Every structure is written in C-alpha cells, then in structure tokens.
1. Keeping to segment 426-440, report how many residues are in contact with a Leu (Cβ under 9 Å, 6 or more places away or on another chain) and not β-branched (Val, Ile, Thr).
2. Could you look through segment 355-374, keep only residues that are part of a helix (DSSP H, G or I) and open to solvent by 10 Å² or more (accessible area, probe 1.4 Å), and pick out the one that is nearest to Gln418 (Cα to Cα)?
3. Return the residue satisfying two criteria in turn: it lies in segment 203-256 and is of a type in the set (A, V, I, L, M) and part of a strand (DSSP E or B), and of such residues it is farthest from the chain's Cα centre (by Cα).
4. If we scan segment 179-188, do we find a residue that is buried (at least 23 other Cβ atoms within 10 Å of the Cβ), more than 30 Å from Glu245 (Cα to Cα) and not assigned by the TED database to the domain that holds Leu293?
5. Name every residue in segment 375-404 that is free of Cβ contacts under 8 Å to residues at least 60 places away in the same chain and crowded, with 16+ Cβ neighbours inside 10 Å, in order of residue number.
6. Can you name the condition, by its number, that Ile504 falls short on among (1) modelled with pLDDT of 95 or more; (2) in contact with a helix residue (DSSP H, G or I) (Cβ under 9 Å, 6 or more places away or on another chain)?
7. Condition first: within 30 Å of Asp343 (Cβ to Cβ), within 17 Å of the chain's Cα centre (by Cα) and of a type outside the set (A, V, I, L, M). Can you find one or more residues in segment 459-478 that meet it?
8. Tell me, yes or no, whether segment 430-437 has at least one residue that is on the phi < 0 side of the Ramachandran plot, assigned to a helix (DSSP H, G or I) and modelled with pLDDT of 95 or more.
Amino acid sequence: GCVLVVSVIEQLAQWHNSTVKAAVERLCNYIPGKYQVICHMLSYISREMNADVVCHSLKLCKQDPGQPLCHLYPPPKREKHSPGLFYALAHARPKHPILSKSFMGFSSICTFPLLANLCEKIKYVIRNKLPFEDSDGDKFSTFATLRGYHWRGRDCNDKNNTVYPGRRPDNWDARSDSNCNGIWGVDPKDGIPYEEKFCKGADSQGVVLLGDSAGAHFHIPPEWMTVTRMSAKSFANLPMAFSDELDWPQFSEITGFLNSTIGGWTDSLYLRLRKRNRCNHRDLQNISQNGILARNQLSDNPAIVIYATIGNDVCNGHRDTLAHMTTPKEMLSNVVQALRYLDSRLPNGSHVILTGLVDGRFLWDNLHDRYHPLGQLNRDVTYSHIYSFLDCLQVSPCSGWLTPNETLRNLTSERALQLSNVLKEIARSEKFANFDVFYMDFPLRQTAEEWHKMGGEPWQLIEPVDGFHPSQIAAALGTSITWQKALHEWPQVLGKENPFNDQIEAIFKNQGGH
C-alpha cells in the first residue's frame with residue numbers, strides 16, 4: 001500500500017514538474033474530505049528516493065530474517081558502485097526520524113477521530129458480512145453500502161422484519177408491499193390485488209450468488225493511480241468504494257442492477273430475470289466472501305443459486321502454493337456439505353448452478369509484458385514486476401498463475417480442471433430434495449472469442465490495477481453467454497416469461513421506479 005501511494009505522489013510531481021510537497025497537496029485536494037488525513041501524512045517524502053526506499057525507510061515495508069528484500073522498482077544506482085537497495089536504505093533511514101515516527105500510525109489510521117467511526121463500521125461488516133444499517137434484523141437494508149442494498153435487494157420497510165425482497169406476498173399484498181417488488185394494492189375495477197393478478201403462477205424466483213471476490217466484482221479504479229488521468233473527479237467514488245470493501249456488486253455479472261460507472265456496461269442474470277418477470281424485482285443476494293444466506297424455506301420464493309468460487313481453491317499467496325490447494329477429495333466433501341446446507345434453507349423448486357474454475361493461465365499470457373498503470377508514465381513497471389513484488393511479499397492473490405514459472409502455471413490449471421470435474425460429477429450424481437443441480441464451465445474462452453469479434457483485446461477482460469479479477473466488460477459478456485446456455489439447455493431454470501410485464505412496468509413508473 002505504501003509503495004503504491006508513494007509511487008503516485010512521485011509521479012504526480014514528475015508529471016506536473018513540481019516538488020513532492022506540491023504533489024502531496026495536489027493529491028490531498030483530489031481526495032474527499034476526511035480521507036485527506038491519510039494524505040497529509042505523506043508530506044515529508046523526498047523526491048530523491050524511489051517508493052521502495054521511502055517505504056522501507058519508514059519501516060512500513062520490512063525484510064524478515066531469511067527472506068528476500070522486496071522491491072517493485074529497480075534499486076537506485078550509486079556512482080562507481082554496484083546498484084543496491086541496501087545502500088540506499090542505509091543512507092535514507094537516519095534522515096527521516098520525524099517521517100518514520102509520523103508513519104507509525106499509518107497502519108492504524110483508524111485511530112484518527114475523523115476515520116474512527118467509518119473504520120468501526122467497516123470492521124463490523126468484514127467480520128459479520130451483514131448489512132451495518134439493518135434496524136429490523138432481516139438482513140436487508142435501505143442503505144446502499146456496508147453490505148447494504150448494493151449486495152442484497154433494497155428493503156422497503158426497515159422497521160418490520162417480515163417485509164423484505166424475495167418473500168411470498170402476504171395476502172397478495174392487498175394493503176402493503178411485503179416483498180418490496182413494487183406491486184401492491186387492489187385494482188379498483190375488479191377488486192383483485194395487483195400481485196395476485198400479475199404474479200400468481202408466474203414462477204417468481206430470486207437470484208443468489210455464492211461467490212468470491214470475482215463475484216463481488218472487486219475493482220480498484222485505474223484513475224486512482226494513473227497520474228495523466230488524475231483529477232478531483234477520479235476520487236469522487238472513494239468513500240463508497242471503501243465502504244463496499246472495493247467491491248462493486250451493483251455492477252456485477254450475477255446481481256448487477258445499476259448502470260456501470262467503472263467502464264463497460266452492466267448486464268446481469270438478475271436484470272435478465274427481472275426483465276423476463278417483473279415480479280422478481282429486487283430479489284437478489286450477492287453473498288460473496290462468506291456472507292449469510294437470507295432465505296426462509298417456508299415463506300420465501302424459490303431461488304436460482306450460482307455457486308461460483310472460480311479460483312479460491314487453487315489460489316493462495318504461499319511459496320509452496322501447490323501444497324495449499326484444495327484436493328479433489330476435499331472439494332467433493334466441501335461442496336456436498338454446502339449443498340446439504342442449502343437443501344435445508346432453500347424453498348422447494350429452487351435451482352443450483354455450479355460454475356467450474358477458471359483457467360488462469362490467461363492472466364500471465366495476456367498481461368505479463370504489458371505496462372501496469374503505475375508503469376505507464378515511465379514505462380518501467382510491467383504486470384510481471386507487480387506479480388513478482390506481490391509474490392515476494394507473500395500477498396499474491398494467486399502464486400500458481402501469477403508467475404513466470406510456466407510449469408507451475410500448468411500445474412495450477414491442471415488442479416483447477418480436476419476440481420471442475422468434481423463439480424461436474426456432483427451435478428451429475430447428487431440429488432437434493434429442494435433443488436436440482438447443474439454444471440457449467442467458466443466461460444472465459446467464449447468471452448474472449450466474443451470480445452474479439454467486437455474488436456476488443458484479451459487484456460481488456462482483466463482488471464487493470466490488480467491484474468487478476470474479471471473486468472466490467474468480462475462480467476457483462478459472461479452474463480450473455482450464461483443466459484444463452486441456460487435458455488438452450490435448462491429453460492426450466494429461468495422460468496416462463498410473464499405476459500403482464502408491460503402492465504407491471506406502468507405501475508413501476510407510477511411508483512417511482514427502482
């Protein structure tokens with residue numbers, strides 16, 4: 001984190017031909033209000049040192065005994081001597097006692113009064129994976145972030161825990177909207193409740209994602225670290241991004257419902273199900289990174305559950321990464337256990353789609369020699385450098401794929417294929433009382449082919465900052481491919497098209513839309 005921030009400041013100074021102090025002030029002016037406290041801590045940085053030297057001298061980066069000295073940039077050169085980061089560090093540390101002391105609190109920025117409240121909220125959310133703002137405890141919220149309605153359908157009454165998206169209507173919602181789909185009241189012409197008239201027998205169902213950071217749609221805006229594009233507008237979304245854990249589920253492949261503001265466009269399974277049957281309005285749950293399923297077997301509608309942990313079982317930051325991958329035997333046990341849990345929670349008539357693991361060799365093949373946003377100004381940092389830096393720090397999101405070691409990349413993909421075959425066999429052989437099970441490969445190859453037909457490049461399907469997660473474009477194209485497969489192979493999963501959609505849409509417009 002330190003290396004990224006210091007790199008941006010040094011490049012800002014270079015781009016605007018200013019002092020580092022002026023660059024810090026410029027960055028602080030870009031960053032919204034209370035977050036500026038972090039920025040002002042950086043005002044002591046010297047332009048004479050690169051980011052690695054600065055961060056090591058501040059002891060924010062360190063070298064453990066027996067471990068290599070990690071650095072992103074080439075070590076500074078000494079005249080008449082060999083290059084060396086050790087030399088630079090030895091000469092940098094004595095000059096910055098004030099700076100070092102100031103940064104001791106950097107790793108605990110939550111001690112700052114302006115940020116303490118937000119930090120407590122984020123800690124609660126990370127610990128519990130439940131909405132922070134949820135007065136009635138039904139796991140749905142009227143607040144967007146902090147695991148609120150960006151993640152689950154928006155609550156329409158946060159003072160009544162029997163009112164939430166996805167439930168079967170109470171007395172056909174003649175008096176109030178118990179399932180938050182916007183359809184309630186009685187038609188004065190015939191006395192029939194609108195919900196009964198439009199939604200009875202319409203195969204209403206929700207969509208639930210059980211996923212990982214890819215399903216949550218992890219994204220760090222590249223304009224945050226590309227100085228040639230940086231302005232105050234670049235950081236306008238920073239508060240929202242932090243309180244959503246740098247995830248953007250509202251634009252994601254399975255549960256996206258808002259127009260994308262991070263490039264590309266939004267197309268999701270939820271939006272397509274909603275278009276097919278307007279009675280499905282707001283019935284979505286993005287349960288990524290160990291959230292809690294909110295579904296009542298007796299009172300709620302069935303759901304389509306997408307089980308998509310596309311890389312976690314083979315991806316880790318360990319040096320001996322193969323030893324820490326899930327084995328086929330463990331995969332079988334874990335997934336069957338999860339499905340049995342779902343069978344005790346999901347209403348009858350639900351569906352589960354198991355998604356295979358991705359072939360992550362695509363990442364190295366298409367990115368390793370391209371310049372990362374941090375390297376575009378001086379053409380000095382490629383994704384290969386970023387991957388090696390993260391691997392050295394033992395925080396690589398996937399040591400098995402983000403590596404120059406082709407043998408290791410192949411072995412990681414081999415294990416991923418073995419685990420996908422386990423999922424395929426589970427879908428073929430396991431039976432459950434309340435849902436049927438289907439399997440589909442992760443559609444990376446088809447996505448790349450479709451994007452190529454549209455004139456795109458493969459690297460554009462990958463998040464530019466982390467060089468690992470699917471991009472907004474990949475998410476939208478993946479939705480189209482998944483939908484077409486379901487239409488042709490499992491039409492029963494999607495339910496029938498509601499003939500009253502146009503009439504329901506008129507009600508939406510009268511009541512103010514989403």
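The values are calculated or read from the model by the stated rules, or taken from the named source; none is laboratory data. What you are looking at is a predicted structure, and each value in this text was computed from that prediction instead of being measured. Here the Cβ positions follow ideal geometry from the backbone for every residue, glycine too, while neighbour counts run over all protein chains shown. Each accessible area value is taken on the protein alone, full model and side chains, heavy atoms only, with ligands, DNA and RNA left out. Shrake-Rupley method; radii C 1.70, N 1.55, O 1.52, S 1.80 Å.
1. Going residue by residue through segment 426-440, those that are in contact with a Leu (Cβ under 9 Å, 6 or more places away or on another chain) are 426-427, 430, 432, 434-435, 437-440.
Now drop any that are not not β-branched (Val, Ile, Thr), which leaves 427, 430, 432, 434-435, 438-440.
The qualifying residues number 8.
2. Arg361
3. Just the residues of segment 203-256 that are of a type in the set (A, V, I, L, M), to begin with: 207-210, 214, 216, 220, 225, 227, 230, 232, 236, 238, 240-241, 246, 254.
Next, from what is left, pick out any that are part of a strand (DSSP E or B): 207-210.
Numbers: Val207: 17, Val208: 15, Leu209: 12, Leu210: 12 Å.
Only one residue fits best here, namely Val207.
4. There is at least one residue in segment 179-188 that is buried (at least 23 other Cβ atoms within 10 Å of the Cβ), more than 30 Å from Glu245 (Cα to Cα) and not assigned by the TED database to the domain that holds Leu293.
5. Once the filter is applied, which keeps residues that are free of Cβ contacts under 8 Å to residues at least 60 places away in the same chain and crowded, with 16+ Cβ neighbours inside 10 Å, segment 375-404 yields Gly375, Thr382, Ser384, Ser388, Thr403.
6. Evaluating Ile504 over (1) modelled with pLDDT of 95 or more; (2) in contact with a helix residue (DSSP H, G or I) (Cβ under 9 Å, 6 or more places away or on another chain) leaves (1) as the failure.
7. yes
8. Taking segment 430-437 and keeping what is on the phi < 0 side of the Ramachandran plot, we get 430-437.
Of the ones still in play, those that are also assigned to a helix (DSSP H, G or I) are none.
No, because not a single residue in segment 430-437 is on the phi < 0 side of the Ramachandran plot, assigned to a helix (DSSP H, G or I) and modelled with pLDDT of 95 or more.
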